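Read through the structure below, which is laid out as structure tokens, and then see the notes.
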Amino acid sequence: MDGDADAKRQKTEEGFVARPAEGEEVKQEVKEEKVEVKEEVKQEVKEETTQESQATPEPQEKEQDAAPLTAPPLKEKVLFDTADCMLNAVPSLGGKVLMPLTEGGLQYLMAGARCNVGIKTGRYFYEVKVIETLNPSEGLQRSNRTPMPRQLLKLGFSTLDAPLLLGETDESVSFDSEGFFYCGKQRVPMSQRLCKDQVIAVLLNLDQSSPNKNTVSLFREGVRITPPQALPAGLSGKTLYPHVCFKNITVQANFGPPMVPLPFKCHMVGQAPASDAEHGVAPASDGKYEVIFPIAVPDEGTFDWLDDFLQKNPRYVELSDRAMGEWAERSGVARNKTHSWKHCNDKPDLQTGLPLLDDFGARKILGVVAPTQPRNYVVMEIKSNLLKDERQQFIRRFKRPGFKLVAQVVMGEPPAEFKAAVHQILLEEKQKKADEEWQQRKAQRETERILRAREKEMEEVRRRAEEEALQRAQAEANAQAEAVRAQLIAQGGTELAATEPAVPSVEIIDGTQPVPPGEVKHEKDVPMTEASQEKKVEEVEEPRPVVTLTDEEKAVCFKQKATSDLTSWTLGGNFARFCLPDADEGFDEIRYGWSPAEQCKEHLHKWILKNKILCRMEDILPSDWFHSKAAEWQKVLADWHSKQGEFAAKQAYETEEQKEEKKEIVDVMAVEDICNTVAAEPLFAKFTFEDWALLSLRLELHLLVHSFRRDANDEERVGIHENHLPFYYNKYYKKGLQPKNYGVETVEDLAGLVNDTVVICPPKVLESTLAPEQEGNDIFVKLTEEA
């Protein structure tokens, strides 16, 4: 069919294409014209299909008619159960119709559903039909990054523990509406595109007596459109369940009787007896599903524990922002791999370029939907699960008869199995790094070997060139001597001929002896160079290094990740309120996975004390006491500068004798009035710019240390950590603190310049050596002068 006819067919057959916006008025005449065009195009397609079928003979179908079933089918009703569907897939009409949620960015995410009955032997098929295509509004787009196609259907079979999105692991096989076949993680073109309102059948053949055993096939409107595709070896002998994934479409599923019969008699999944099929996941014995709330210290194996738990319990669904980001990637949404300033493991920044996803509108919708769908959940919210008031919000949301709320405390000393897994990861990373370095050294040695070989080859070329030049020179010398002899014979007779003419000797200036005439300098006559005299030593290839963990590495219990679990401002503003759950909070059970309750409480308390030093208070505000002291200091400083200027002006009129009569101050600390010492000279009269800078630094750090203790109002916050001094200095004084401006590199060196006022004490906290209340500010001038 030509391009125009194909375009008409796409428009008229209503494939997975966009429809007119809701509320758009379509005239009856236009509708009638579309119907006429549709009929014409269908007729053209039918004629061309007939011609193609006549030109190309169809391969003979190897499948045979199935024998009638004598055993009764399973008692369980075959359908898509909510417990085996993704959160955005809504089964309706008795589990025979699957509808997607499309609000708040969910239109970009694939939905998946697995049937509750699987086939373990025999030959069975099921049918699906796209009965509706959806084009939800996408809002304002920051970039054209909408994943294509907008509507998609995947259908196939998978094992019971396979992911609910097809085509991700070796535990599933599937076809999609774009004409591709997925076998494990491989994707190959296989068939034509599928359209709306077509009855699509997927046939699974596990009959070992069939010529197409262990295969899966695709049929459209009862006609085979793909050859039988072999199942991967990993699925041999496993029970396979009908599986459907879809996006922005409504799918009807049929497990029997068939809507369109196949070219041969075949039974459907809904007719399979107990000998050929089995039921999937049974509901909870007590009728309740678990909702687990992991409570763990940030950056202490939180998501490592979760990954291990989900691997051992694949039937649990993770509810977290991390899971949302992974779901988007698996649905074909591209994400910016460069992390932004607000990115963390607990609240990752998706950076998809799709506003409805980036603002986590889908999370809000799924938060409402999840409690309505009975299944096992893991609510992974690191900060919220550690705060009592936010835990209460989750408890109220899931406090329903069908759920059992479990607080899983994961703190303290991890078990040996967990530490062994961490050490294995550390060992693999260390081995990988050592292998990379080893490969680099190996490549470098190979490069050096090639360079040496080239140098040797060039040396050989030069040597041969010299020999050839020597031979030519000797030949020319011999020819010249013969010519002279012949000339002498012709001129002087036999006596002159008997006299041998002098033949010039040929010499190559290479440190060797001259070559006598008539002789050729052979290779054996060439003295051996220093390089050729060396014995060839075969290089021993460096073996692949095998690394081991040091004692320090073996003491590590948690692997540090490149991204922290919480941002610094989130941690600093909330960690002081972190607490363990109590029995009266509403949990049905509190489990302690690693350590007993008392040890977990002690561990959390020590962690909070440590972070009260290491974490800065993002929301701290200077008090009125600080503002009054700072304003007072500015007035005093301005007065001192004024008096220094007045004294300097007065001193300009003094004679040299008057200057010499002044006595030096012996004890600076004993001065009673710093503005009037000897001969009315201020103690700070000779202060330079550097002295004034250190004077201000002394008072500012002293005032900052005491103001922080007052404003923090927490006895457990012993002081300002040296790493946070620039932050608090800017917070209080509204200006930056750069150690390089004082001629030093670090904060520790900066404190060393004024160690008579402030010192850094263990655990690296800034403390003042002076009392918070001083009688005036004279002490800082005295300390500056004495220093």
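Sparsely packed loop sites in the stretch 174-235 (the trypsin sites (Lys or Arg not before Pro) outside DSSP H, G, I, E and B with at most 16 other Cβ atoms within 10 Å) comprise 185, 193, 213.
Less than 5 angstrom separates the built amide H of residue 181 from those of 188, 190, all sequence-distant by 5 or more or on a different chain.
For the stretch 262-411, the square roots a ≥ b ≥ c of the C-alpha gyration tensor eigenvalues yield an a/c of 1.5 or more together with a/b not exceeding b/c, which makes the shape oblate. With viscosity set to 0.692 mPa s at 37 °C, what whole-number translational diffusion coefficient in µm²/s follows for the stretch 616-764 from Stokes-Einstein and a Kirkwood radius over Cα pairs? Rounded, D is 185 µm²/s. For the peptides 754-765, 287-298, residues were scored by their other Cβ atoms within 10 Å and the scores averaged per peptide; the highest-first order is 287-298, 754-765. The accessible-area ordering, largest first, of the residues 188, 128, 461 stands as 461, 188, 128, per a 1.4 angstrom probe. Packing-based ranking of 99-106, 775-782 yields 99-106, 775-782, ordered from highest to lowest mean Cβ neighbour count within 10 Å. Rg and Dmax over the alpha-carbon atoms of the stretch 216-295 stand at 17.6, 58 Å. Annotation: amide H of residue 132 within the under-5 Å range of 250, sequence separation 5 or more or interchain, hydrogens built in the peptide plane.
Here the mean projected area of the convex hull built on the C-alpha positions of the stretch 276-357 is 8.8 nm².
Each Lys or Arg adds one and each Asp or Glu subtracts one; over the other residues with Cβ under 11 Å from the Cβ of residue 674, this totals -3. Let a ≥ b ≥ c be the square roots of the eigenvalues of the Cα gyration tensor of the stretch 588-632; is it rounded (a/c under 1.5), or, if not, prolate (a/b larger than b/c) or oblate? The shape class here is prolate.
With the convex hull drawn over the C-alpha atoms of the stretch 128-185, the volume per residue is 120 Å³.
Taking only the alpha carbons of the stretch 73-147, we obtain Rg and Dmax values of 16.0, 53 Å in that order. Remark: the residue 773-residue 469 segment gains 99.6 nm on full extension, using 0.36 nm per residue and subtracting the alpha carbon distance.
Here's how it looks for residue 296: its modeled amide H is under 5 Å from those of 410, which are all 5 or more places away or on a different chain. Charge tally for residue 626 (other residues, Cβ to Cβ under 9 Å; Lys, Arg +1; Asp, Glu -1): 0.
Taken over the alpha carbons of the stretch 375-450 as equal point scatterers, the Debye sum produces base-10 log I(q)/I(0) values at 0.13, 0.15, 0.22, 0.26 Å⁻¹ of -0.67, -0.75, -1.01, -1.15.
The values are calculated or read from the model by the stated rules, or taken from the named source; none is laboratory data. Just so it is clear, the model here is predicted, and its values are computed rather than measured. When we count neighbours, we look across all protein chains shown, and the Cβ atoms used for this are built from the backbone with ideal geometry, even at glycine. Surface areas here come from the heavy atoms of the whole protein model, side chains and all, with no ligands, DNA or RNA. Shrake-Rupley method; radii C 1.70, N 1.55, O 1.52, S 1.80 Å.
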